[in-house]
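Undergrad: My questions all concern the structure below.
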Amino acid sequence: MTDSHSGDAPIVVGVDDTEAAMKAARWAALAAAQREAPLHLLHASGFSDPYIIGFTVPPPEAFKEELREQKHQALHTAEAIAEEVGVSQVVARFEADAAIPCLLRASRTARMVVLGSSGRTKLTGLLVGSTTLALVSHAHCPVVSVRGDHPDAFTDDTRPVVVGVDGSELSDQAVGHAFEEASLRNVDLIAVHTWSDTDTALFKDQQLYYNWEPIHDYESRLLTEHLASWEEQHPEVRVRREVVRDRPRDELLERSRSAQLLVVGSRGRGGFRGMLLGSTSQALIQHAACPVMIVRPGKRAHHLPRLHREGAGRS
């Protein structure tokens, strides 16, 4: 399947002068180089020239120039990172608008938006910035929050991609993106489904017809069925299925310690109608030990060219 997030759609990364933003720029550059995709570096200053927040009259020209130079330096540093990684198409943009509306507009035509795990817009009491929370709640494409450390090349990282599966439509889209990422990185995919006494099925309405089966066996069978079509599309990806009696957030947080990427939908079957971000997704972007991709509604993964890998097979 294809959509506006394939082809020449860029990877967009939010840039400021923080260490977290530079880590995100490197991750995004590696992803762009891997896909031979354009990389857009976006720095949003949050003020419109000539008026700056805190001033009732235009500030001195020298002051404005110093601010502009500081902002542009962050873009220059990110450009140098992209050049070092080997990205062939790089666009650096400096916007006077605030970060959130700029990035939301960019997400309409982006393949994904990449952000650092913190920044200058951090809210009191939260471990991730308000920009990240807004993007994972409202963006028009997948959002990656870059957490933890990662190698200088994805090919040096043999850790698996982990995806959370709960049977919802959004979870299915997350599974598609996870297969794509595992295929590109030539690593295993671990598909994790959790169940508890209060939510014991991928499809709870169907459980009424199969309640004579042991719950674990039932959940395992449904997980296998849920992955079947994606495995057919990506036979090069080796899949490990994990069915665990635990809360999703606890199990996925633990899995993040040994993963190179964690992929989940922005909300799951347990979310209330109208809820923009589920509690599990919010916990992951605050506490995961690896980068987290949050898949938003309405954007489905596209087909990849078949990649061949030696010794790969179904688990």
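The values are calculated or read from the model by the stated rules, or taken from the named source; none is laboratory data. Because the structure is predicted, anything quoted here is derived from the model rather than measured. Quick reminder, even Gly has a Cβ in these numbers, built from the backbone with ideal geometry, and neighbours come from all protein chains shown.
Undergrad: Pairs, please: C-beta under 6 Å, at least 6 apart or cross-chain, first residue more than 18 Å from residue 72 (Cβ to Cβ) and surrounded by 15 or more Cβ atoms within 10 Å (Cβ to Cβ) and in the stretch 87-109, second at pLDDT below 90 and hydroxyl-bearing (Ser, Thr, Tyr)?
TA: As it stands, the answer is 100/131, since those pairs meet every condition given.
Undergrad: Suppose we filter the stretch 87-98 for residues that are closer than 15 Å to residue 36 by Cβ and over 22 Å from the mean Cα position of the chain (by Cα); how many remain?
TA: 1
Undergrad: Of the conditions (1) modelled with pLDDT under 85; (2) over 26 Å from residue 133 (Cα atoms); (3) crowded, with 17+ Cβ neighbours inside 10 Å, residue 216 satisfies every one except a single condition; which number is it?
TA: (3)
Undergrad: On to the next question. Does residue 254 fit the bill of being at pLDDT 80 or above, assigned by TED's automatic domain parsing to the domain that holds residue 172 and touching a strand residue (DSSP E or B) at 6+ places or on another chain (Cβ under 9 Å)?
TA: no
Undergrad: If I filter the stretch 28-44 for residues that are modelled with pLDDT under 90 and either assigned by TED's automatic domain parsing to the domain that holds residue 90 or not in a helix (DSSP H, G or I) (or both), do I get at least one hit? I'd like the intermediate steps shown before the answer.
TA: Going through the stretch 28-44, the residues modelled with pLDDT under 90 turn out to be 44.
Filter once more, so that each one left must be either assigned by TED's automatic domain parsing to the domain that holds residue 90 or not in a helix (DSSP H, G or I) (or both): 44.
Yes, that holds for at least one residue.
Undergrad: For the condition touching a residue at least 60 places away in the same chain (Cβ under 8 Å), over 12 Å from the mean Cα position of the chain (by Cα) and either in the same structural domain as residue 249 (by TED's automatic domain parsing) or buried (at least 19 other Cβ atoms within 10 Å of the Cβ) (or both), what is the one hit in 183, 145? If you could, list the steps in order and put the result at the bottom.
TA: Numbers: 145 fails: over 12 Å from the mean Cα position of the chain (by Cα).
Unique residue meeting the criteria: 183.
Undergrad: Which residue is surrounded by the fewest Cβ atoms within 10 Å (Cβ to Cβ), if the candidates are limited to the stretch 148-177 and must be of a type in the set (Gly, Ala, Ser) and at pLDDT 90 or above?
TA: 176
Undergrad: Of the residues that sit in the stretch 257-284 and are surrounded by fewer than 24 Cβ atoms within 10 Å (Cβ to Cβ) and in contact with a helix residue (DSSP H, G or I) (Cβ under 6 Å, 6 or more places away or on another chain), which one is modelled with the highest pLDDT?
TA: Filtering the stretch 257-284 for residues that are surrounded by fewer than 24 Cβ atoms within 10 Å (Cβ to Cβ) and in contact with a helix residue (DSSP H, G or I) (Cβ under 6 Å, 6 or more places away or on another chain), the one modelled with the highest pLDDT comes out as 283.
Undergrad: Is it true that some residue in the stretch 295-313 is closer than 25 Å to residue 156 by Cβ, at pLDDT 50 or above and outside any loop (DSSP other than H, G, I, E, B)?
TA: No, the stretch 295-313 has no match at all.
Undergrad: Given the conditions (1) in a helix (DSSP H, G or I); (2) modelled with pLDDT under 95; (3) over 27 Å from residue 285 (Cα atoms), which single one is not true for residue 88?
TA: (1)
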